[in-house]
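Participant: Handing you a structure now.
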Number of protein chains: 2
Amino acid sequence: VAEVELREHERIDNLIHNNLKIIQNTKEFRFSFDAVLLAHFVTVHKRDKVLDLGTGTGIIPLLLSNRTMQEIYGLEIQPLFVDMARRSVRLNGLEHRLHIIEGDLRRPERYLPLNQFDVVTVNPPYMPLGSGETNPSSSKAIARHEILCTLDDVVRASAQLVNSQGRVAMVHRPSRLVEILGKMVKYQLEPKRLRMVHAKLGEKPNLILIEAIKQGQPSLDILPPLYIYDANGEYTDEVKQIYF
Amino acid sequence: VAEVELREHERIDNLIHNNLKIIQNTKEFRFSFDAVLLAHFVTVHKRDKVLDLGTGTGIIPLLLSNRTMQEIYGLEIQPLFVDMARRSVRLNGLEHRLHIIEGDLRRPERYLPLNQFDVVTVNPPYMPLGSGETNPSSSKAIARHEILCTLDDVVRASAQLVNSQGRVAMVHRPSRLVEILGKMVKYQLEPKRLRMVHAKLGEKPNLILIEAIKQGQPSLDILPPLYIYDANGEYTDEVKQIYF
């Protein structure tokens with residue numbers, strides 16, 4: 001495995017369960033468990049060509065590198081993360097098939113071939129603009145608020161990049177489910193799998209995981225809920241298998 | 001309480017928890033637990049004027065008569081059920097404020113005032129036409145398959161009958177969630193509450209309960225799942241409170 005340079009406030013974290021390493025900056029947006037859940041949820045076959053939109057640290061491409069032998073792309077608009085994710089790719093010796101592209105998902109045709117990916121993943125900003133962002137140029141604000149892309153941008157780009165019968169998987173907030181499903185249908189992405197993520201039994205979900213098929217047949221499969229903690233406040237067995 | 005005539009194959013069932021009686025015919029479609037769950041799920045205030053579309057035996061109006069002091073209407077197309085539900089109303093001494101109307105929900109303006117109800121409930125047929133109906137004139141086929149009304153008919157009628165800021169509540173199958181939410185948005189019914197019903201922990205849901213507000217603000221509240229059975233195969237406490 002290559003040695004890579006670390007910059008100020010950066011550290012290397014081990015993704016033990018997956019035998020991977022990732023560089024993160026303690027002062028910037030770091031990957032969340034939401035991204036880990038999305039990487040676990042999405043259907044990926046061994047020969048699927050995968051793209052992650054707004055890849056940030058590159059966590060989703062790194063995790064999916066264990067599930068496909070094909071090329072994986074990550075598109076990221078912020079140069080700081082492009083640089084960091086590229087060094088994480090080298091750290092894991094994956095530069096022959098994991099490519100971090102600097103670019104804006106609102107103009108996907110400038111950076112990537114359209115209708116060519118078998119799987120597109122995206123963990124977009126959850127909050128509409130004007131819902132309390134403090135410093136709109138910070139990496140945390142850009143990851144959380146729709147500053148550089150709206151939900152419509154994200155779904156449109158996914159639909160343009162994925163091939164017919166390919167899959168688009170997204171993690172988002174339950175409050176926006178109606179809008180998400182509506183946008184997907186608008187762009188010919190037929191929602192096929194939906195899973196709610198709850199902190200624990202008896203609570204409302206905090207997250208939704210959705211997978212759509214481009215030009216798929218209508219019929220939604222709603223999966224059993226994923227619970228993060230059991231009644232004793234310990235991680236559930238399923239969460240331990242995903243991550244720990 | 002009035003004495004009412006029973007016809008062939010009819011019997012009186014007690015809804016013990018609600019102190020109500022209902023006439024059912026052992027040879028025809030009988031009310032399901034789905035309808036009971038919908039009556040429990042829907043938000044009804046004490047002064048709400050309520051309408052149930054495709055009321056069948058009248059189970060939902062009867063159950064909701066405990067929650068509002070206002071008038072309740074049930075619209076039903078099949079004369080056999082209109083007659084049966086009217087006798088159930090008399091059996092419970094509710095004829096002063098519970099009205100069963102014979103009519104077709106595809107033409108609601110012929111039978112009912114538009115934009116006048118605070119709450120509209122509907123437990124529509126779940127299955128599209130051509131999905132295995134055997135005897136299309138039987139009451140069971142009409143209740144289960146979209147023979148006399150489609151999902152679009154049901155959502156359109158609900159939207160026409162409910163007042164602005166009024167609520168429409170529906171029970172349906174998870175596989176059709178995308179279509180249901182899309183139709184609701186099409187007719188200006190904003191989905192506000194969603195609850196999944198699962199037989200037990202770890203299983204996929206069998207039913208979805210949805211409540212929309214006409215011309216409401218977008219933002220969906222997904223509730224904790226409702227489980228019917230616990231790990232020992234007994235009814236959960238919540239189900240016992242609803243029904244037993």
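Participant: Would you be able to say whether some residue in segment B:48-63 is modelled with pLDDT under 95, basic (Lys, Arg) and under 18 Å from the mean Cα position of the chain (by Cα)?
Facilitator: No - not one qualifying residue is present in segment B:48-63.
Participant: Right, something else. Restricting the search to segment B:174-231, which residues are of a type in the set (Gly, Ala, Ser) and under 20 Å from B:Val36 (Cα atoms)?
Facilitator: Those that are of a type in the set (Gly, Ala, Ser) and under 20 Å from B:Val36 (Cα atoms): B:Ala199, B:Ala212.
Participant: In addition: Could you say whether any residue in segment A:127-141 is at pLDDT 95 or above and at positive phi? It would help to see each step written out before you state the result.
Facilitator: First, the residues of segment A:127-141 that are at pLDDT 95 or above: none.
No, every residue in segment A:127-141 fails to be at pLDDT 95 or above and at positive phi.
Participant: Sticking with this one: So which of A:Ile77, A:Ile101 is touching a Phe, Trp or Tyr at 6+ places or on another chain (Cβ under 7 Å) and at pLDDT 95 or above?
Facilitator: A:Ile101
Participant: I want to confirm something. Restricting to segment B:173-183 and keeping residues that are more than 7 Å from every other protein chain (Cβ to nearest Cβ) and more than 19 Å from B:Ile60 (Cβ to Cβ), which single residue is surrounded by the fewest Cβ atoms within 10 Å (Cβ to Cβ)?
Facilitator: B:Arg176
Participant: Do the conditions hold for B:Gly233, that is, is it within 12 Å of chain A (Cβ to nearest Cβ) and open to solvent by less than 60 Å² (accessible area, probe 1.4 Å)?
Facilitator: So B:Gly233 does not fit the description; no.
Participant: Find all pairs meeting these conditions: Cβ atoms under 6 angstrom apart; at least six residues apart or on different chains; first residue within segment A:148-172 and farther than 15 Å from A:Val42 by Cβ and open to solvent by 30 Å² or more (accessible area, probe 1.4 Å); second residue part of a helix (DSSP H, G or I) and modelled with pLDDT under 95.
Facilitator: Taking only residues 6 or more apart or on different chains, the pairs are A:Leu148/A:Ile142.
Participant: Residues A:Gln241, A:Gln165: which one is more than 11 Å from chain B (Cβ to nearest Cβ) and within 25 Å of B:Arg173 (Cβ to Cβ)?
Facilitator: Matching residue, one of A:Gln241, A:Gln165: A:Gln165.
Participant: Within segment A:188-227, take every residue that is more than 18 Å from B:Pro225 (Cα to Cα) and more than 10 Å from every other protein chain (Cβ to nearest Cβ) and give me the one that is most open to solvent (accessible area, probe 1.4 Å). Don't jump to the end; show me each part of the working.
Facilitator: Taking segment A:188-227 as the starting set, the residues that turn out to be more than 18 Å from B:Pro225 (Cα to Cα) are A:188-192, A:211-219.
Among the residues that remain, those that are also more than 10 Å from every other protein chain (Cβ to nearest Cβ) are: A:188-189, A:211, A:213-217.
Details: A:Gln188: 109, A:Leu189: 2, A:Glu211: 6, A:Ile213: 40, A:Lys214: 20, A:Gln215: 80, A:Gly216: 16, A:Gln217: 134 Å².
Ranking the candidates gives A:Gln217 first.
Participant: Another question, then. When you scan segment A:126-143, how many residues do you find that are surrounded by 17 or more Cβ atoms within 10 Å (Cβ to Cβ) and touching a residue at least 60 places away in the same chain (Cβ under 8 Å)?
Facilitator: Counting residues in segment A:126-143 that are surrounded by 17 or more Cβ atoms within 10 Å (Cβ to Cβ) and touching a residue at least 60 places away in the same chain (Cβ under 8 Å) gives 3.
Participant: Then there's this: Could you list, in sequence order, all residues of segment B:184-203 that are within 18 Å of B:Asn115 (Cα to Cα) and charged (D, E, K, R)?
Facilitator: Those that are within 18 Å of B:Asn115 (Cα to Cα) and charged (D, E, K, R): B:Lys186, B:Glu190.
Participant: Among the residues of segment A:65-85, write down those that are among the aliphatic types (A, V, I, L, M), in contact with a helix residue (DSSP H, G or I) (Cβ under 8 Å, 6 or more places away or on another chain) and over 18 Å from A:Gln24 (Cα atoms).
Facilitator: Within segment A:65-85, A:Ile72 is the sole residue that qualifies.
The values are calculated or read from the model by the stated rules, or taken from the named source; none is laboratory data. Because the structure is predicted, anything quoted here is derived from the model rather than measured. Positions of Cβ are generated from backbone atoms using ideal geometry, with glycine treated the same way; all protein chains shown enter the neighbour counts. To get the accessible areas, we keep the full protein, side chains included, count just its heavy atoms, and leave off ligands, DNA and RNA. Shrake-Rupley method; radii C 1.70, N 1.55, O 1.52, S 1.80 Å.
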